[in-house]
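Heads up: the structure comes next, in structure tokens.
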Amino acid sequence: MFSCPVAFIFIYNCVLFILFVLNRWKNWWIRGILTLAMISVFFLIIYLGSFMLMLLVLSIQVKCYHEIITIGYRVYHSYDLPWFRSLSWYFLLCVNYFFYGETVADYFATFVQRREQLQFLIRYHRFISFALYLTGFCMFVLSLVKKHYRLQFYMFAWTHVTLLITVTQSHLVIQNLFEGMIWFLVPISSVICNDITAYIFGFFFGRTPLIKLSPKKTWEGFIGGFFSTVVFGFIFSYFLAQHQYFVCPVEYNSETNRFMTECEPSELFQMKKYSVPPLLQAVLGWETVNMYPFQMHSIALSTFASLIGPFGGFFASGFKRAFKIKDFADTIPGHGGIMDRFDCQYLMATFVHVYITSFIRGPNPSKLLKQLLILQPEQQLSVYKTLKSHLVEKGILQPSLRG
Amino acid sequence: MPRILDELDLRSDSDVPDVPPPTDSTPEILKRALSGLSARWKNWWIRGILTLAMISVFFLIIYLGSFMLMLLVLSIQVKCYHEIITIGYRVYHSYDLPWFRSLSWYFLLCVNYFFYGETVADYFATFVQRREQLQFLIRYHRFISFALYLTGFCMFVLSLVKKHYRLQFYMFAWTHVTLLITVTQSHLVIQNLFEGMIWFLVPISSVICNDITAYIFGFFFGRTPLIKLSPKKTWEGFIGGFFSTVVFGFIFSYFLAQHQYFVCPVEYNSETNRFMTECEPSELFQMKKYSVPPLLQAVLGWETVNMYPFQMHSIALSTFASLIGPFGGFFASGFKRAFKIKDFADTIPGHGGIMDRFDCQYLMATFVHVYITSFIRGPNPSKLLKQLLILQPEQQLSVYKTLKSHLVEKGILQPSLRG
């Protein structure tokens, strides 16, 4: 008799509580499920190989461009500007043609040699790209309408800045990818790891705000995320560096018409003995340690991802506040637009590319050879002689009898 | 969908504040000399005198050599950048934005450092070899430039102030677009200059000639308007200017191509510490017999004609200067109307700012550079050699072997006994 209403109230309260929790946590459930979905798609595409990854990067680039341009339309109420939608897509096409033409010429050299029409396109590639761009420029000038000059110039500038941000970065990402999938995976995962660990550390230990732009970020999260990301990158590189699939530069095999990643792993990916500095020796108790040289590089990459990468995120936050938008778009439920996921990645991609060209990769021998064969015969002869004397001097080549 | 407030942007064009009329910066002496003339002719005299002054300065600098020309291009670039940024400040009333002036100049410095560092490394190779500190700067040049740029980027993010977010983003975008226009173009102009002064002089003079002759033809014969953006331009002026410029370029190249001073690539001589323009003129600048096509044979009465191959290229350059170059001018006119300014600045009395003089040149510089790299110049052998020497030994050996077999195949090299 006593228990009935109590039980009823109890059950009622329980139901309310569960509904309350579900409602409050509903957002988190959606985010969580979508996160898992994105990660699974990512793993699937890694499994499918470099070409699919390249297509993925390309489609992300197009979507980001579309999102930012759409924001521009909304800010300037310029849906009805004559031709402007077509012009924006045309410029995107031109710049992509320019960048991917250069890449294709380098990496698909064997595929291209055999087709005459492609030879013409490649030899005059810059001129053709410039002519295409100029056509777009002239179209823009001819489309200027008296009452809308300023709007049209704003959209023109908006388009160009967006192209600069999205297309050049995606091109650099693909160049990194072709250097070896590890140069694509480690940076991207470092940025994602930094996001997640900075959030976790901020959630549990966060007290001191970091920057007014993003009130949710804290110094504790920042520093905790930094150390976690460096450790994560270090360990993750260790596992990736053992597989040729991740480590070898992507090459196009014309016999099988497929991308190959088989090679002799370079020095970076061969185990080396490092002597532990005295400080760490006391802590760890080891005198030497076996590591891949790449892991040292991964420390540099993770450090950048944790310390400077967030500035890309602050830039995007500032941009959203400036134009009073909450998310770039609502493509992904719970997460916002594609740009929201990739805002920190942009600086990272450029940094990795500059890092590779400055510290890792020397010039590409086949590219050099291709340029050598275009030279005039006297120039080729002089280069040949200088190279020969250099090789003889270094002892790589035996001096011939003829000298 | 969130509502977007846009106090600045939804104002119609008429709400942009008009720029106050520029103060008269004509020198006193000119004013006194011309005091007797009516206002209309006074303007023409001032324009004429300044035109002559600019042309004389130009000739003087050509005489002084490539290095002075390079400095001239650099100073024009800085002034154009300054003019466009100042317009941005006025449009957005953003004089008081924190740090923004310093940041704009800092970005200009970074991008110039990047571009000129690449040029210096190529052209001053001998000068640079001898100095150890420069070696470090050059080997890691891209990384250092990127680090400098990132510093500026982070400073910008840290300088964002709550009430001024949008203004600051606008100025950031304005700065970057201006950099893209002014600095890359000036860099291309200098690369063209280093290819040979003729590649600098013929395009620039073609654009100027097109301006002047299109105006003259328009003045005498102009009836049909060309484009709404620039009501003073006419089809008659456009077409007359086109033909005059092609003829002018053809004749001008003929005279320039005879002198080594204009035709040779600029090289830095480390012994005399000066720029040299002495060389064996390339094929382009050696007289050749061309057979005249039958159509022109009837008109001119010649069967063959002696020309420099470069003159054919000058036709392409002049055609571009006349047909597409004006679009750069229309773009600048549209820009000035959009922001309701009469001139970019009032640096040159009677002419406006430096940008007003150079708006057509921008597309030209890029076109000439693309033209040279596509049709004229092959890769640079010393640059290739430098890259070859960085390769790994096995890679060097494989390149050596392929090059050797190629040379033997072409008969340039005798096959050695060792094979």
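Among the residues of the range A:356-388, those that are over 27 Å from B:I376 (Cα atoms), facing chain B (nearest Cβ under 7 Å) and modelled with pLDDT of 80 or more comprise A:T357, A:S358, A:K388.
Among the residues of the range B:140-183, those identified as open to solvent by 40 Å² or more (accessible area, probe 1.4 Å), within 27 Å of the chain's Cα centre (by Cα) and within 8 Å of chain A (Cβ to nearest Cβ) are B:R142, B:F143, B:L180. Of all residues in the range A:202-216, those that are closer than 16 Å to A:G313 by Cβ and open to solvent by 60 Å² or more (accessible area, probe 1.4 Å) total 4. Looking at (1) more than 14 Å from chain B (Cβ to nearest Cβ); (2) in contact with a Lys or Arg (Cβ under 6 Å, 6 or more places away or on another chain), can you tell me which one A:V191 breaks? A:V191 satisfies all of (1) more than 14 Å from chain B (Cβ to nearest Cβ); (2) in contact with a Lys or Arg (Cβ under 6 Å, 6 or more places away or on another chain) except (2). Within the range B:217-235, being within 21 Å of B:R357 (Cβ to Cβ), surrounded by 15 or more Cβ atoms within 10 Å (Cβ to Cβ) and without any contact (Cβ under 8 Å) to a residue 24 or more places away in the chain holds for B:G218, B:L226. If we scan the range B:305-313, do we find a residue that is under 19 Å from the mean Cα position of the chain (by Cα), modelled with pLDDT of 80 or more and not charged (D, E, K, R)? So far as the range B:305-313 goes, yes, one or more of its residues are under 19 Å from the mean Cα position of the chain (by Cα), modelled with pLDDT of 80 or more and not charged (D, E, K, R).
Answer yes if at least one residue in the range B:130-153 is among the small types (G, A, S) and in contact (Cβ under 8 Å) with a residue 24 or more places away in the chain, and no otherwise. Among the residues of the range B:130-153, at least one is among the small types (G, A, S) and in contact (Cβ under 8 Å) with a residue 24 or more places away in the chain, which makes the answer yes. Across the range B:62-76, the qualifying residues are those that are out of contact with any helix residue (DSSP H, G or I) (no Cβ under 8 Å at 6 or more places or on another chain) and assigned to a helix (DSSP H, G or I), and the one among them that is farthest from B:V266 (Cα to Cα) is B:S75. So, B:I62, is that one within 14 Å of another protein chain (Cβ to nearest Cβ) and at pLDDT 70 or above or not? Spelling it out, it is not the case that B:I62 is within 14 Å of another protein chain (Cβ to nearest Cβ) and at pLDDT 70 or above. Among the residues of the range A:128-139, write down those that are open to solvent by 20 Å² or more (accessible area, probe 1.4 Å) and under 28 Å from the mean Cα position of the chain (by Cα). Scanning the range A:128-139 gives A:I128, A:F130, A:L132, A:Y133.
Okay, residues lined up against (1) hydrophobic (A, V, I, L, M, F, W, C); (2) assigned to a loop (DSSP other than H, G, I, E, B); (3) at pLDDT 75 or above:
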{"position": "B:P20", "(1), (2), (3)": "no, yes, no"}
{"position": "B:L52", "(1), (2), (3)": "yes, no, yes"}
{"position": "B:I55", "(1), (2), (3)": "yes, no, yes"}
{"position": "B:V78", "(1), (2), (3)": "yes, no, yes"}
{"position": "B:I84", "(1), (2), (3)": "yes, no, yes"}
{"position": "B:L103", "(1), (2), (3)": "yes, no, yes"}
{"position": "B:C110", "(1), (2), (3)": "yes, no, yes"}
{"position": "B:Y116", "(1), (2), (3)": "no, no, yes"}
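Looking for something over 29 Å from the mean Cα position of the chain (by Cα), farther than 30 Å from B:D359 by Cβ and assigned to a helix (DSSP H, G or I) - is there at least one such residue anywhere in the range A:187-209? Among the residues of the range A:187-209, at least one is over 29 Å from the mean Cα position of the chain (by Cα), farther than 30 Å from B:D359 by Cβ and assigned to a helix (DSSP H, G or I), which makes the answer yes.
Under the condition of being more than 14 Å from every other protein chain (Cβ to nearest Cβ), surrounded by fewer than 20 Cβ atoms within 10 Å (Cβ to Cβ) and at pLDDT below 85, the residues counted in the range B:314-344 number 2.
The values are calculated or read from the model by the stated rules, or taken from the named source; none is laboratory data. A quick note: this is a predicted structure, and the numbers were derived from the prediction, not measured. Here the Cβ is made from the backbone with ideal geometry for all residues, glycine too, and neighbour counts use every protein chain on show. Heavy atoms of the whole protein, side chains included, go into the accessibility calculation; ligands, DNA and RNA do not. Shrake-Rupley method; radii C 1.70, N 1.55, O 1.52, S 1.80 Å.
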